[in-house]
Amino acid sequence: MSSLSSTLKFFLNLNVVQSVASKRFDTKLHSHGISLNDFLILYHIANEPDEKLRRTDLAEKIGLTASGVTRILSPLEKLGFVKKEVNARDARVSYVKLSSAGKRILNEALATAEATAEQILPESKAKKMEEFVKFLNELGGTVQ
């Protein structure tokens, strides 16, 4: 087999690191009753005007399909963390809105997520963080 390009090595390693990090976040966030994907959904909705987003826009922000987002949203709706909201001008358009319970869980989970991120990334590596976040955003990342 031929040697891999540095670009392919980067993406393969990024995938492995993402999987390992996701498992750690899921384990820690479980204490709040949510997963990393749940946290991402709540985070993105909370950072929008009026704390609401169309499902398709939410799917784009977290890198999933609209049906994937719908599968994640269903339990969050049952738990009362998000709710559906119909567009007053166009009944075909619906939004996902953050509930007060969702805000509370997000605020509680934020401290856990920050602590988990600090555990995964040693402070000695944090100096490169801003540059790396910028690079990931250039590749399509959505968290500023």
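The values are calculated or read from the model by the stated rules, or taken from the named source; none is laboratory data. Here the structure is a predicted model, which means the values were calculated and not measured. Reconstructed Cβ throughout: ideal geometry from the backbone, glycine too, with neighbour counts over all protein chains shown.
Numerical summary
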{"quantity": "Ile34 being closer than 19 Å to Leu110 by Cβ, under 15 Å from the mean Cα position of the chain (by Cα) and modelled with pLDDT under 95", "calculated": "no"}
{"quantity": "Residue list for segment 85-95, restricted to those being surrounded by 11 or more Cβ atoms within 10 Å (Cβ to Cβ) and either in a loop (DSSP other than H, G, I, E, B) or at pLDDT 95 or above (or both)", "calculated": "Asn87, Val93"}
{"quantity": "Considering residues of segment 100-144 that are acidic (Asp, Glu) and surrounded by fewer than 13 Cβ atoms within 10 Å (Cβ to Cβ) only, the residue modelled with the highest pLDDT", "calculated": "Glu114"}
{"quantity": "Residue satisfying all of: in segment 1-56; aromatic (Phe, Trp, Tyr) and farther than 19 Å from Lys97 by Cα; surrounded by the most Cβ atoms within 10 Å (Cβ to Cβ) among these", "calculated": "Phe25"}
{"quantity": "Filter pass, Ala59 being under 20 Å from Ser22 (Cβ atoms), out of contact with any strand residue (DSSP E or B) (no Cβ under 9 Å at 6 or more places or on another chain) and either without any contact (Cβ under 8 Å) to a residue 24 or more places away in the chain or not in a helix (DSSP H, G or I) (or both)", "calculated": "yes"}
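Results for (1) among the polar types (S, T, N, Q); (2) part of a helix (DSSP H, G or I); (3) touching a His at 6+ places or on another chain (Cβ under 6 Å); (4) without any contact (Cβ under 8 Å) to a residue 12 or more places away in the chain, shown as yes or no for each residue.
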{"residue": "Asn13", "(1), (2), (3), (4)": "yes, yes, no, yes"}
{"residue": "Lys28", "(1), (2), (3), (4)": "no, yes, no, no"}
{"residue": "Ile34", "(1), (2), (3), (4)": "no, no, no, no"}
{"residue": "Phe39", "(1), (2), (3), (4)": "no, yes, no, no"}
{"residue": "Glu77", "(1), (2), (3), (4)": "no, yes, no, yes"}
{"residue": "Gly80", "(1), (2), (3), (4)": "no, no, no, no"}
{"residue": "Lys83", "(1), (2), (3), (4)": "no, no, no, no"}
{"residue": "Glu108", "(1), (2), (3), (4)": "no, yes, yes, no"}
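Let's see how each residue does on (1) closer than 21 Å to Val17 by Cβ; (2) out of contact with any strand residue (DSSP E or B) (no Cβ under 8 Å at 6 or more places or on another chain); (3) among the hydrophobic types (A, V, I, L, M, F, W, C):
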{"position": "Gly33", "(1), (2), (3)": "no, yes, no"}
{"position": "Glu51", "(1), (2), (3)": "no, no, no"}
{"position": "Glu118", "(1), (2), (3)": "yes, yes, no"}
{"position": "Lys128", "(1), (2), (3)": "yes, yes, no"}
